[in-house]
Amino acid sequence: MKAAFTSLRCVLILAIGLTGAWAERAFAQDYILGTDDVLTISVYLHPELERTVSVSAQAFVTFPPLGEIKAAGLTAKQLGDQISDKLSTYLRQTSSVTVTVSKFMSRSVFVSGAVAVPGRYAFEKIPSLMEVIGQAGGALPGADLTRVE
């Protein structure tokens, strides 16, 4: 009986983990690109075109041979589709373009004060205050958490 309960508990934990991972992937597909986000652009069958780019303050990415393309305000899929359409004039066959967000820098939090590692932390979605402090290595001994802003 105990072995059956243990395996059931493992299955439940696995199911909860898979549900959470699915929800995160669904959110990532709807993520709207913003300035300072770092993107990886890959073109199927054309590794020479792979680039890692940042979205500029003016909302553009530079992608040779196309030049500047507006990225902020689009999802990664929308940007990939747009690049694919524009590349069709340069390539013999239509290629799929994959855009992934390497760093979610448009949604960042600056942490200063009595934490282990102060600095800028980027998130896909802004977490709770305690999660941000945890990401910064936690509060140092003697830190006054009642005055956190």
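Only Lys, Arg, Asp and Glu count, each charged at its Cβ (+1, +1, -1, -1), so figure out the dipole size of segment 77-149 about its Cα centre, rounded to 20 debye.
Working: 8 positive and 6 negative charges, 58 e Å.
The calculation lands at about 280 debye.
In segment 49-149, with Lys and Arg counted as +1 and Asp and Glu as -1 at Cβ, which of these residues, Leu87, Pro127, Gly137, has the Cα nearest the positive end of the dipole, that is, farthest along it?
My answer, from the dipole projection, is Leu87.
Can you send over the carbon and sulfur percentage of the accessible area for segment 30-149, probe radius 1.4 Å, protein chains only?
On the way: 3870 of 7300 Å².
C and S fraction of accessible area: 53 percent.
Kirkwood Rh, segment 66-145, all Cα pairs: how many Å? Could you put the intermediate results ahead of the total?
On the way: mean 1/r = 0.0641 Å⁻¹.
Computed over Cα pairs of segment 66-145, the Kirkwood hydrodynamic radius comes out at 15.6 Å.
As a test of reading the structure, rank Ile126, Ile32 by solvent-accessible area (1.4 Å probe, protein chains only), most first.
Values: Ile126 95, Ile32 75 Å².
Largest accessible area first, the residues go Ile126, Ile32.
I'd like to check one number: the per residue accessible area of segment 22-121, probe 1.4 Å, reported in Å² as a whole number. Walk me through the intermediate numbers first.
Values: 5940 Å² over 100 residues.
For segment 22-121, the per-residue accessible area is 59 Å².
Can you send over the solvent-accessible area of Met130, 1.4 Å probe, protein chains only, in Å² to the nearest 10?
120 Å²
What accessible area, in Å² to the nearest ten, does a 1.4 Å probe give for Glu131?
In the full protein context, Glu131 sits at about 110 Å².
For a Förster distance of 30 Å, can you work out the FRET efficiency between the beta-carbons of Asp81 and Ala114, rounded to the nearest 0.05?
Working: r = 46 Å, r/R0 = 1.54.
Taking R0 as 30 Å, the efficiency between Asp81 and Ala114 is 0.05.
Just to be sure I follow: if Rg is taken over the C-alpha atoms of segment 36-97 and Rh is the Kirkwood radius over the same atoms, what is Rg/Rh?
On the way: Rg = 10.9 Å, Rh = 11.7 Å.
That ratio is 0.93, to two decimals.
Protein chains only, probe 1.4 Å: how do Leu91, Leu140 rank by accessible area, largest first?
Numbers: Leu91 35, Leu140 75 Å².
So the residues, ranked largest to smallest area, are Leu140, Leu91.
The values are calculated or read from the model by the stated rules, or taken from the named source; none is laboratory data. Every value quoted in this text rests on a predicted model; they were computed, and no experiment measured them. Virtual Cβ from ideal backbone geometry, glycine too; neighbours counted across all protein chains shown. For accessibility, only protein heavy atoms count, side chains too; no ligands or nucleic acids. Shrake-Rupley method; radii C 1.70, N 1.55, O 1.52, S 1.80 Å.
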